[in-house]
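Written out below as structure tokens is the structure these notes cover.
The values are calculated or read from the model by the stated rules, or taken from the named source; none is laboratory data. This one's a predicted model, so the numbers in the text were calculated from it and none came from an experiment. In this analysis, Cβ positions are derived from the backbone assuming ideal geometry, glycine residues included, and neighbour counts consider all displayed protein chains. Just so you know, the surface numbers come from the protein's heavy atoms only, side chains and all, with ligands and any DNA or RNA stripped out. Shrake-Rupley method; radii C 1.70, N 1.55, O 1.52, S 1.80 Å.
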Amino acid sequence: MSTSAAFGGETHWLGDVALRGGTVLDAGGSRKADVLVSDGSIVAVGDITDLMSRSAVVLDASGCVVAPGLVDLHTHMREPGYEDAETVQSAARAAALGGYSAVVAMPNTEPPADNASIVSHVRALGERSCVDVYPAGTITLGRAGRALAPMAEMAALGVRIFTDDGSGVQDARLMRRAMEYARALGVTVAEHCEDAAMSAGGHMHEGEWSSRLGIAGQPAEAEELMVMRDLALARMTGARLHLLHLSTAGSLAMVSAARRGGLDVTAEVAPHHFTLTDADVASYDPVFKVHPPLRSATDVAAVKSAVADGTVDAIATDHAPHARHAKEAPFDVAPPGMLGLETALGLALSELGLPVGAVLALMSWQPAAIAGIGATHGGPLKAGRPANLCVIDTEETWVVEPDRTASLSRNNPYKGRRLTGRVRHTVTRGEPVVVGGEAQR
Amino acid sequence: MTGATPAQLEPTPSPSSAPSSSGGSNETDRAPRHFLGVTGSQGGELRDLLRLSDRFGEVNRRPIPKVPALRGKTVVNMFFEDSTRTRLSFDTAARRLSADVVTFSAATSSLNKGESLRDTVETVESLGADAVVVRHSSSGVPWQIASWVKRTSVINAGDGWHEHPTQALLDCYTIARSSPVLAERFGPDSDAFDFEGLKVGIVGDISHSRVARSNVAAMTALGASVTLVGPPTLLPSCLDGWPVEVSNDLDGLIGDLDVCYLLRLQRERTTEALLPTLREYRALYGLSAKRADRLKDGAIVMHPGPANLGVEIDADVTRRPCSVISAQVTNGVSVRMAVLYYFLGSGVDLVN
Ligand SMILES: [Zn+2]
């Protein structure tokens, strides 16, 4: 058995894998069925007994859901530039353990992915990793918010999402031009919604807790003003807009209204925005520092109901590793961000109260469509499709231990939390990269 | 401020563990006790410390104001933010208790060489510190340090905009010993420390003030009615759960106050669009001589220092009999002796 590699899931693992005894669940519904994978593709779904080769790797899926691999729209892999916090390899391993077979790599590296050569570099690193890595490109050169990055040369390499994530594009005129330009390329502009003047100096959500704790706040309005602006610009330009990590009731209400008005906009939320609140900052542990900040309990309730009512299209991790020493600093000095790849599915299954199929829609096929990779990821599970799968034990209960991770960092805010639902196996490009909850490489 | 905050006297001392008890046992294996904040504290806990401050006030009036209570203990001053007054006050308090005092200067520390805050703290602890007195410009640092140390007591000497618990104690002590209203009610040397019915106005930049946050907690725990006074730009954006009244009108309030507490105004607030000019601030919220004339008989004027004379308070007002600003400084040493003794005392009788 050996692997060959290429960008965008064209690679495959030579060999047979049989997933036996599970319930297949994809956008088409669920049915009891075995799945046979050979040479990187699904060759049969159903009764596979007569088709299996003797050398097939058999993965026990009894009592489990066999689903299309998860797709994360928002992973900070940190390479190049911050390899002490994470690398493409380590992030990909964490992703596979979390059930992902594909991730979109955020471009706020050092140097940023604002040109074809950095995109090619990240892509090449991803080809050797255990998930498919789809680099996003920046909207502006150097993420500096002053001039457009060469989006066409990056799009020619397959980049479908452009974002200055880490900050928003502050200049409305520049954002208008970016959207116009993106529309012609058929790519999506993704915004980190934060009006920098409104949020300046803030380190947590502005409200009851920031007032008590004496930490400068970022008001919900800092996010909402940019959501409002970008919805107007999307209407004006006809561009495809994706809104990253929305966190406030007001933002989600605006998206819902815009959608009813026929606008082609999609939205993601991060697990920490439906599982943690600004009250968690009371420990002053910078592991709870993140942008957008942990919001009020009211916002958390609004995020949950927007997830349930379809306003939200995707759950995305915003996996943001930081080296240990960086988080052992005063709260207002430490960098924002928290790990997410290995806990996202467990949190979604445990805390949203949604059927498994609805969670998978938010974490697999809907994000695959947003990322423009629906031909390779997100199912459906049928013969001829690329073999990107995960096997989930929806009943298994486990306790989060930050030291048990494939990430190079430990900024996991869920220490000690009990979750129900865990990934048993992950198959990427036909290769069993996670078996029995253990990474295979 | 409601109780469910991390800021409190930790652990909650019970009356039986009150400071004058003499245990005398070897307590090196005991979990350290920290003095981080006063938010969430009960009046009884604060009164224990205020009564103890009285006893150290008596020590400080002796010809040789020194007791062996902390002999053999090492107190490390870790002042990551400059504050000569508070550092000197803690330094004096520790020496009068016969502790060894080491001053850690942040300016020359390895923090400038890329070491994490935690590494620095663990180094200081491994050198044998019994207590660290921490001052930091970032809110919450004493709580973080308390979560990292194993044996060392953490005493908060001011963190960011958050808490300055010894300032609040010394302010409450000063009120108890200086307010003619309380003296009339309880007698001049009463140890009641009961502020029921006392009307306190805290005036100025509440939002950025650790002194205000700690004083709101301490004064209201002792029974005072506190009104925060300032322009909306200098008040916290959300006061849910704070046991206070709020006013934007000092003139409407000044004649009712028993205590008029003025906060220091940082001059940079005018460059952050929080205030138009210092002149306008003085006109609306400064305690000018003219405005001070409207204070009622028996009212006292306080300031945590150092004052911007001519901005939040006129020089003339600081010299009036109603000003107790210098008493605040004097009382600071007694109160800090009480805190150090209470949180790291080994049971040696303090009056030896
Ligand atoms: Zn972001």
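Overview of results
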| quantity | calculated |
| --- | --- |
| Flag for B:F104 being in contact with a Lys or Arg (Cβ under 7 Å, 6 or more places away or on another chain) and among the aromatic types (F, W, Y) | no |
| Pair list, Cβ under 7 Å, 6 or more apart: region B:132-145 residue more than 7 Å from every other protein chain (Cβ to nearest Cβ) and more than 11 Å from B:N77 (Cα to Cα), other residue part of a loop (DSSP other than H, G, I, E, B) and modelled with pLDDT of 95 or more | B:S137/B:G160; B:P142/B:L36 |
| Hits in region A:297-348 - residues which are among the hydrophobic types (A, V, I, L, M, F, W, C), away from chain B (no Cβ under 14 Å) and open to solvent by 30 Å² or more (accessible area, probe 1.4 Å) | A:A301, A:A308 |
| Single unsatisfied condition, A:A222 versus (1) more than 25 Å from A:M363 (Cβ to Cβ); (2) open to solvent by 10 Å² or more (accessible area, probe 1.4 Å); (3) in contact with an Asp or Glu (Cβ under 8 Å, 6 or more places away or on another chain); (4) within 16 Å of the ligand (Cβ to nearest atom) | (2) |
| Qualifying residue in region B:192-207 (condition: within 14 Å of another protein chain (Cβ to nearest Cβ), part of a loop (DSSP other than H, G, I, E, B) and either out of contact with any helix residue (DSSP H, G or I) (no Cβ under 6 Å at 6 or more places or on another chain) or open to solvent by 10 Å² or more (accessible area, probe 1.4 Å) (or both)) | yes |
| Only listed residue being without any contact (Cβ under 8 Å) to a residue 40 or more places away in the chain and more than 16 Å from the ligand (Cβ to nearest atom), chosen from A:G98, A:G81 | A:G81 |
| Flag for A:A196 being within 16 Å of the ligand (Cβ to nearest atom), open to solvent by 10 Å² or more (accessible area, probe 1.4 Å) and farther than 22 Å from A:V300 by Cα | yes |
| Qualifying residues in region A:183-230 (those that are touching a Pro at 6+ places or on another chain (Cβ under 7 Å) and without any contact (Cβ under 8 Å) to a residue 24 or more places away in the chain) - the one farthest from the other protein chains (Cβ to nearest Cβ) | A:E206 |
| Among the residues listed as A:V187, A:V159, A:V169, the single one being within 16 Å of the ligand (Cβ to nearest atom) and in contact with a strand residue (DSSP E or B) (Cβ under 9 Å, 6 or more places away or on another chain) | A:V169 |
| Whichever residue in region B:151-170 is over 13 Å from B:V38 (Cα atoms) and at pLDDT 95 or above and, among such residues, is nearest to the other protein chains (Cβ to nearest Cβ) | B:W161 |
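Residues checked against (1) modelled with pLDDT of 95 or more; (2) among the basic types (K, R); (3) assigned to a loop (DSSP other than H, G, I, E, B):
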{"position": "B:T2", "(1), (2), (3)": "no, no, yes"}
{"position": "B:T5", "(1), (2), (3)": "no, no, yes"}
{"position": "B:N26", "(1), (2), (3)": "no, no, yes"}
{"position": "B:A31", "(1), (2), (3)": "no, no, yes"}
{"position": "B:V38", "(1), (2), (3)": "yes, no, yes"}
{"position": "B:S53", "(1), (2), (3)": "yes, no, no"}
{"position": "B:A69", "(1), (2), (3)": "no, no, yes"}
